[in-house]
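A short worksheet on the structure shown next.
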Amino acid sequence: MEPDSLLFSFFLIFSGAALASTLALFFRQPLLVAYIFIGGLLGPFGVGYISNSSLLTDIAEFGIIFLLFLLGLDMQPSKLFHTLKKTFLVTLASSIIFILLGYSTGLLFSFSHVESLVIGFAMIFSSTIIGIKLLPTTVLHQKHMGELMVGILLLQDFIAIFLLVFLDSGNIEQSSALRVLLAFPLLLAIAYFATRFILIKLVARFDQFKEYIFLLAIGWCLGLAALASVMGLSAEIGAFIAGVSLATSPISLFIALNLKPLRDFFLILFFFSLGAQFNTALLGQVIAPALLLAALALSVKPVVFHFLLRRFSERSVLAWDAGLRLGQISEFSLLIAFVATQSGMIGETASLVIQAAAIMTFLVSSYIVVMFCPTPIASNPKLRRD
């Protein structure tokens with residue numbers, strides 16, 4: 001087996017990821033930290049066993065596309081409207097505060113205005129993995145908490161998807177507003193009519209052939225992603241619209257369940273490629289801004305969410321609980337950094353600051369939530385909830 005072959009690379013990636021994930025689970029850490037770590041270890045800036053990370057990056061972009069497709073599948077307007085209405089002002093106010101924090105930090109360390117703005121955008125998002133997956137679902141208090149957090153996280157997802165439209169174009173100032181205004185409604189119209197008059201009829205006629213539904217969903221997702229790219233939008237926004245167009249379909253749950261393993265396969269590659277591109281030689285340049293950014297996220301975010309939720313009549317205990325669970329930088333922040341770097345909007349150093357800060361907040365926030373909040377894996381037996 002050739003050391004540079006794709007088979008050998010996949011062997012190292014997935015075997016290494018399995019080993020690192022085992023250690024992460026023992027220490028109650030998010031699995032994506034393990035994927036990033038193994039990427040850094042095996043990549044060109046580590047031991048160098050995998051030197052061609054650009055190919056893996058290209059493959060890994062499919063993970064982002066499938067992630068946004070599945071996110072769209074979960075967004076049924078009728079169910080979300082009430083929850084989103086309750087959390088809109090909290091999300092809007094907190095996002096403005098976090099953008100200003102990140103932007104000020106970027107300027108403090110002499111990053112350009114655009115790079116500082118992207119750092120500010122990255123500060124908006126909280127981790128769905130830590131926020132939702134560590135949330136008990138059988139206690140009434142936690143069900144209400146879950147509704148609040150889902151509303152905030154979904155609105156943050158909307159902001160992220162909106163940002164991707166502009167970041168993928170290469171420059172916020174040079175983004176063609178007219179192009180977006182024309183292409184976006186046209187893409188929505190194509191998705192609506194194709195779903196209503198073609199996809200739904202095909203599904204109704206051949207729904208007993210599960211592999212056909214699976215292939216149809218992948219083709220629809222990638223087809224609309226490609227069309228969006230041709231129209232000057234990002235492939236990610238096309239995939240998201242493809243998901244939303246099928247959200248009210250009776251087969252949306254089947255598609256979501258069956259696509260998740262495929263999504264996870266590509267997302268492992270995505271987070272591995274992020275780690276593989278982490279230039280450790282620049283660590284000395286990014287450690288100070290990354291530490292400050294992580295410290296601000298871990299300390300300011302819980303306080304901001306507590307204050308805003310209390311202003312909207314939530315109890316103090318619940319507001320603190322939600323604040324602690326949302327007090328980190330998100331995996332979506334890594335995606336924002338990745339897309340902004342690929343489009344040439346920010347340099348490698350600014351991207352590394354976001355990545356390093358996000359990883360630090362994943363590690364510390366996981367321990368905070370496990371130690372001080374009710375979770376299925378809480379350290380304190382009194383806080384352990386299923």
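The values are calculated or read from the model by the stated rules, or taken from the named source; none is laboratory data. Computed from a prediction, not measured in an experiment: that's the story for all the values here. Heads up, the Cβs are rebuilt from the backbone with ideal geometry, glycines too, and the neighbour counts pull from every protein chain shown.
Collect the residues in region 107-127 that are surrounded by fewer than 19 Cβ atoms within 10 Å (Cβ to Cβ) and of a type in the set (Val, Ile, Thr), keeping them in residue-number order.
VAL114
Listed here are the residues, each with its yes/no results for (1) of a type in the set (A, V, I, L, M, F, W, C); (2) at pLDDT 80 or above; (3) assigned to a helix (DSSP H, G or I); (4) surrounded by 13 or more Cβ atoms within 10 Å (Cβ to Cβ).
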{"residue": "PRO185", "(1), (2), (3), (4)": "no, yes, yes, no"}
{"residue": "ARG196", "(1), (2), (3), (4)": "no, yes, yes, no"}
{"residue": "PRO261", "(1), (2), (3), (4)": "no, yes, yes, no"}
{"residue": "GLN285", "(1), (2), (3), (4)": "no, yes, yes, yes"}
{"residue": "LEU291", "(1), (2), (3), (4)": "yes, yes, yes, yes"}
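Taking interchain pairs and intrachain pairs at least six residues apart, which have beta carbon atoms under 6 angstrom, with the first residue in region 204-227 and at pLDDT below 90 and the second assigned to a helix (DSSP H, G or I) and hydroxyl-bearing (Ser, Thr, Tyr)?
Close Cβ pairs satisfying both conditions: PHE206/TYR212.
Only residues that are part of a loop (DSSP other than H, G, I, E, B) and either under 12 Å from ILE255 (Cβ atoms) or hydroxyl-bearing (Ser, Thr, Tyr) (or both): list them for region 201-216, please.
Selection gives ASP207 alone.
State whether the residues of region 265-278 include one that is part of a loop (DSSP other than H, G, I, E, B) and under 22 Å from the mean Cα position of the chain (by Cα).
Taking every residue of region 265-278 in turn, at least one turns out to be part of a loop (DSSP other than H, G, I, E, B) and under 22 Å from the mean Cα position of the chain (by Cα).
If SER104 meets every condition in (1) loosely packed, with under 13 Cβ neighbours inside 10 Å; (2) modelled with pLDDT of 85 or more; (3) of a type in the set (S, T, N, Q) apart from one, which number is that one?
The one condition SER104 does not meet is (1).
Looking only at region 42-55, decide whether some residue is surrounded by fewer than 17 Cβ atoms within 10 Å (Cβ to Cβ), at pLDDT 75 or above, hydrophobic (A, V, I, L, M, F, W, C) and more than 30 Å from GLY223 (Cα to Cα).
Among the residues of region 42-55, at least one is surrounded by fewer than 17 Cβ atoms within 10 Å (Cβ to Cβ), at pLDDT 75 or above, hydrophobic (A, V, I, L, M, F, W, C) and more than 30 Å from GLY223 (Cα to Cα), which makes the answer yes.
Looking only at region 312-341, how many residues end up being assigned to a helix (DSSP H, G or I) and either acidic (Asp, Glu) or free of Cβ contacts under 8 Å to residues at least 60 places away in the same chain (or both)?
9
Counting just the residues of region 7-33 that are over 24 Å from ILE368 (Cα atoms) and of a type in the set (Ser, Thr, Tyr), which one comes out surrounded by the fewest Cβ atoms within 10 Å (Cβ to Cβ)?
If we take residues in region 7-33 being over 24 Å from ILE368 (Cα atoms) and of a type in the set (Ser, Thr, Tyr), then SER15 is surrounded by the fewest Cβ atoms within 10 Å (Cβ to Cβ).
So that you can scan it fast, the table gives a plain yes or no per residue for (1) within 18 Å of the chain's Cα centre (by Cα); (2) at pLDDT 80 or above:
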{"position": "THR349", "(1), (2)": "no, yes"}
{"position": "THR361", "(1), (2)": "yes, yes"}
{"position": "ASN380", "(1), (2)": "no, no"}
{"position": "ARG385", "(1), (2)": "no, no"}
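Taking SER249 as the residue in question, decide whether it is assigned to a helix (DSSP H, G or I) and not charged (D, E, K, R).
When the stated conditions are applied, SER249 does not pass them.
Would you call ALA297 under 21 Å from the mean Cα position of the chain (by Cα) and farther than 30 Å from LEU199 by Cβ?
yes
Regarding region 293-304, can at least one residue be identified that is modelled with pLDDT of 80 or more, farther than 30 Å from VAL317 by Cα, touching a Phe, Trp or Tyr at 6+ places or on another chain (Cβ under 8 Å) and among the aliphatic types (A, V, I, L, M)?
no
When region 265-324 is examined, which residues are found to be within 17 Å of GLY43 (Cα to Cα) and among the β-branched types (Val, Ile, Thr)?
Across region 265-324, the qualifying residues are ILE268, THR280.
Kindly evaluate GLY223 against the criterion of being in contact with a Gly (Cβ under 9 Å, 6 or more places away or on another chain) and crowded, with 20+ Cβ neighbours inside 10 Å.
no
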